[in-house]
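Inspection log for the structure reproduced underneath, given as structure tokens.
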């Protein structure tokens, strides 16, 4: 993953067992009946659904955000007008796992 | 300059796939996106490997740009249609780049790769072969690019538009939330800057908001004085290229510059003023 740009990490994010350290990490996966959903986007929204960040889903349907601690909304967009949402809480030193089922 | 001069929709692009004199270019940081599938006939430009100097922190120079475009088969008379991921961040950055080096006909696909994908339009892995050209670039247009001394001098005089997220603006984060936060520079923003996150200019599908919404966003809601010169910045200059595109190309403001050094430069400068928290 590039750290000197604002862009998406190559090929989306593959879920790992990284230690969170000083980060508040939100990561997860989007699954459909026959496997991961790899074509789509995960958006991180703050209070009042304010946009914060967005990544394309990885080949494994995965995504990851390095958020500030607090309450967040995750929104998944995909072809076919697919739109899913979940509320999550991020804490420093923790990896908050989220799974979406289509 | 207005919206219809600089933006095209997906139908227009679909109708110009393979058209002589039109070159569709995908610009991504993540070049694997292109490799997994791209708009038919599109070529790719890697914003970092192709557009940045490999040693110094700067652009490729005029000769480097000429070499790049010649190798990719782009001629001076071609209409270049740019699109990319991240809501067109890097495509807008490349657009600004093409303008800096004086390319005459450049367009941006409204909504970029995301809109194209969400609409389930055709993608291909076929890579087109293009014959080399002999591209000639102009000298960089200094009217489009702000450098650090000019930015420091602009504090309290010009519009400074910080297009990062509110958490980056206030100093809570020093990078976007999908990237690690371990960078060493200080957090905060340039004093007197208005925080207008780039995302407020875009719809959820990546297309740009209407002219009236954009005018309201910057002028009425954020208090940007359209009668003054404006400098936009973010962290490395690509999100602010998106905002430069909105202000300069869509809304037609004349004196708008992109500060590509942005926060990674300003936040590491010794002795310059930094403001924390909400804007004042």
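The values are calculated or read from the model by the stated rules, or taken from the named source; none is laboratory data. Treat the numbers as computed from the prediction; the structure is a model and nothing was measured. No Cβ is skipped: glycine too gets one built from the backbone with ideal geometry, and neighbour counts run over all protein chains shown.
Look through the range B:193-204, keep the residues that are in a loop (DSSP other than H, G, I, E, B) and more than 17 Å from the chain's Cα centre (by Cα), and return whichever of them is nearest to residue A:56 (Cα to Cα).
Among residues in the range B:193-204 that are in a loop (DSSP other than H, G, I, E, B) and more than 17 Å from the chain's Cα centre (by Cα), the one nearest to residue A:56 (Cα to Cα) is B:204.
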Selection from the range B:237-254 of residues that are at pLDDT below 95 and either closer than 18 Å to residue B:142 by Cα or more than 14 Å from chain A (Cβ to nearest Cβ) (or both):
B:237, B:238, B:254
Inspect all residues belonging to the range B:211-234 and state whether any of them is within 13 Å of another protein chain (Cβ to nearest Cβ), surrounded by 21 or more Cβ atoms within 10 Å (Cβ to Cβ) and either assigned to a loop (DSSP other than H, G, I, E, B) or at pLDDT 95 or above (or both).
yes
Here, strands (runs of 3 or more DSSP E) confined to the range B:1-114 with at least 3 residues that are within 28 Å of residue A:59 (Cβ to Cβ) are B:22-28, B:43-46, B:79-83
Going through A:83, A:32 one at a time, which residue ends up being away from chain B (no Cβ under 12 Å) and surrounded by fewer than 16 Cβ atoms within 10 Å (Cβ to Cβ)?
A:32
Here the residues within the range A:7-29 that are within 12 Å of chain B (Cβ to nearest Cβ) and modelled with pLDDT of 90 or more are A:25, A:26, A:27
With the requirement that a residue be away from chain B (no Cβ under 11 Å) and in a strand (DSSP E or B), what does the range A:86-102 give you?
A:86, A:87, A:88, A:89, A:94, A:95, A:96, A:97, A:98, A:99, A:100, A:101
Residue B:230: passes all of (1) closer than 29 Å to residue B:78 by Cβ; (2) touching a helix residue (DSSP H, G or I) at 6+ places or on another chain (Cβ under 7 Å) but (1)
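Residue-by-condition table, conditions (1) within 24 Å of residue B:132 (Cα to Cα); (2) within 14 Å of chain A (Cβ to nearest Cβ):
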residue: B:4; (1), (2): no, no
residue: B:13; (1), (2): yes, no
residue: B:20; (1), (2): yes, no
residue: B:27; (1), (2): yes, yes
residue: B:34; (1), (2): yes, yes
residue: B:40; (1), (2): yes, no
residue: B:44; (1), (2): yes, yes
Do we find that residue B:272 is over 27 Å from residue B:98 (Cβ atoms), in a loop (DSSP other than H, G, I, E, B) and touching a residue at least 40 places away in the same chain (Cβ under 8 Å) in this structure?
yes
Extreme residue, farthest from residue A:27 (Cα to Cα), among residues of the range A:59-80 that are more than 10 Å from chain B (Cβ to nearest Cβ) and outside any strand (DSSP E or B):
A:60
Answer yes or no: is there a residue in the range B:128-141 that is within 18 Å of the chain's Cα centre (by Cα), free of Cβ contacts under 8 Å to residues at least 40 places away in the same chain and surrounded by fewer than 16 Cβ atoms within 10 Å (Cβ to Cβ).
no
Subset of the range A:39-58 that is within 9 Å of chain B (Cβ to nearest Cβ) and outside any strand (DSSP E or B) - its residue that is modelled with the highest pLDDT
A:40
Among the residues of the range B:116-127, which ones are touching a residue at least 40 places away in the same chain (Cβ under 8 Å) and either part of a loop (DSSP other than H, G, I, E, B) or within 12 Å of chain A (Cβ to nearest Cβ) (or both)?
B:116, B:118, B:119, B:121, B:122, B:123, B:125, B:126, B:127
Taking the range A:31-53 and keeping residues under 19 Å from residue B:28 (Cβ atoms) and free of Cβ contacts under 8 Å to residues at least 24 places away in the same chain leaves A:53
Please enumerate the residues belonging to the range B:36-62 that are exposed (fewer than 13 other Cβ atoms within 10 Å of the Cβ) and either in contact with a strand residue (DSSP E or B) (Cβ under 9 Å, 6 or more places away or on another chain) or more than 28 Å from residue B:265 (Cβ to Cβ) (or both).
B:53, B:58
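Do we have residue B:280 as touching a residue at least 40 places away in the same chain (Cβ under 8 Å) and more than 29 Å from residue B:114 (Cβ to Cβ) here?
Numbers: touching a residue at least 40 places away in the same chain (Cβ under 8 Å): yes; more than 29 Å from residue B:114 (Cβ to Cβ): yes.
Yes.
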How many residues does the range B:117-142 hold that are in contact with a strand residue (DSSP E or B) (Cβ under 7 Å, 6 or more places away or on another chain) and under 25 Å from residue B:252 (Cβ atoms)?
0
Residue ID - surrounded by the most Cβ atoms within 10 Å (Cβ to Cβ), chosen from residues in the range B:152-165 that are touching a strand residue (DSSP E or B) at 6+ places or on another chain (Cβ under 6 Å) and not in a loop (DSSP other than H, G, I, E, B):
B:162
